[in-house]
Ligand SMILES: Nc1ncnc2c1ncn2[C@@H]1O[C@H](COP(=O)(O)OP(=O)(O)OP(=O)(O)O)[C@@H](O)[C@H]1O
Ligand SMILES: [Mg+2]
C-alpha cells in the first residue's frame, strides 16, 4: 500500500440513457487536497459523471466511496452534508431571491437545526441563520460579488451567476467541490479572478474537480487530468503527459468542429 489517500474513489461506474452509455466503466480516485482536471469532447460524459458524484443521478452499476464510505445510493442532500458540493454547467438559481439568499442556501448543508426549530423560530435556528448569513457574505466577497448582495440573483449577467454558484458552494463548507465549466461566459478579467480564487482554495487544501472546455485553463491549474471520451477514461496524468497522449489528441481532433474549444492546446 502507498500513503495515497483517496478522498473520492470511483469504481466501474456506469450510467446509460436509453442506448447511450454516457458513463461507461469509469474508475478513478482523487486524493485529498488535489485539484483534478476533467476534460473531454462534447458529450464525453463529464456532466453525467459529476451528477453521479453529487447524487443528482444514480448509477446503473458501480460504486462511489467518499472518505472510504459508500455513497452511491445516498440522495444529493446527504452527500452535500458529507461535504460534496457542485456548481452546475447549466446555472441553477432561485429566481425571486437575492444574491445573498441564494448563497445562504448552501449554508443549510451544515446547519444542525431541524425544520421544527425553524418553523417555531427557536433560538438555535436564529443563531444558525445569523452564522449562515455571515458565511454567505464572506463567500460572496471571495468570488467578488459582495457588492451585488441585495440584488435579485436573476439580475446578474450569466458569468456572474456562475460565480454566484461558486459562492453558494463555498458557503456549504465543502470538502470536495465539483466545478462544471465555471469559466464559461466570464470576461477576461473575471476569468483571471476565478483562476486566482481556485488557486487560493487549492492552497487552503480544498479538493476540487474542474471540468472546463478551455484546456489551457485546466492545464495551467490542475495537477493531474483525467480525460473522458464517449463515457470512457482514455487517459490520466499530468498536464504534460495528457497533452501529448495520442488517444487524447485523436479524441479531440476526431470531434473537431467549428467550436474553438474542440482542440487540445
Ligand atoms: N438526461 C439525459 N437524457 C438522455 N441523454 C443524456 C442525458 N444527459 C446526458 N445525456 C447524454 O449522455 C452523453 C454524455 O452527456 P454529458 O452531458 O454528460 O457530456 P459532457 O461531457 O458534459 O458534454 P459537454 O462538454 O457538452 O457539457 C451525451 O451523449 C448526452 O447526449
Ligand atoms: Mg457537460
**Complete:** Looking across the stretch 172-188 at residues that are at pLDDT below 95 and more than 16 Å from ligand 2 (Cβ to nearest atom), the single one that is surrounded by the most Cβ atoms within 10 Å (Cβ to Cβ) is 172
**Message:** Which residue is nearest to residue 61 (Cα to Cα), if the candidates are limited to the stretch 201-235 and must be surrounded by fewer than 16 Cβ atoms within 10 Å (Cβ to Cβ) and touching a residue at least 12 places away in the same chain (Cβ under 8 Å)?
**Reply:** 223
**Asked** Can you name the number of the only condition in (1) surrounded by fewer than 20 Cβ atoms within 10 Å (Cβ to Cβ); (2) at pLDDT below 90; (3) closer than 30 Å to residue 164 by Cβ that residue 258 fails?
**Response** (3)
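Are there any helices (runs of 4 or more DSSP H) wholly within the stretch 39-153 with 3 or more residues that are at pLDDT 95 or above, surrounded by 17 or more Cβ atoms within 10 Å (Cβ to Cβ) and within 16 Å of ligand 2 (Cβ to nearest atom), and if so which?
On the way: elements: 46-54, 76-82, 99-107, 115-119, 123-142.
Qualifying helices (runs of 4 or more DSSP H): 46-54.
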**Prompt:** Which members of the stretch 167-208 meet the condition of being over 19 Å from residue 77 (Cα atoms) and within 16 Å of ligand 1 (Cβ to nearest atom)?
**Reply:** 181, 182, 183, 184, 185
**Complete:** Given the conditions (1) touching a residue at least 60 places away in the same chain (Cβ under 8 Å); (2) closer than 23 Å to residue 229 by Cβ; (3) away from ligand 1 (no atom under 16 Å from the Cβ), every one holds for residue 36 apart from (3)
**Criterion violated by residue 64 - all others in (1) without any contact (Cβ under 8 Å) to a residue 12 or more places away in the chain; (2) more than 13 Å from ligand 1 (Cβ to nearest atom) satisfied** = (1)
**Prompt:** Quick one: how many residues across the stretch 2-22 are modelled with pLDDT under 95 and closer than 15 Å to residue 68 by Cα?
**Reply:** 4
**Asked** Does the stretch 171-190 hold any residues that are closer than 15 Å to residue 144 by Cβ, touching a residue at least 12 places away in the same chain (Cβ under 8 Å) and out of contact with any helix residue (DSSP H, G or I) (no Cβ under 7 Å at 6 or more places or on another chain), and which are they?
**Response** none
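The values are calculated or read from the model by the stated rules, or taken from the named source; none is laboratory data. From a predicted model like this one, the values you see are computed outputs, not experimental measurements. With ideal geometry, Cβ positions are generated from the backbone for all residues, glycine too; neighbour counts draw on all protein chains shown.
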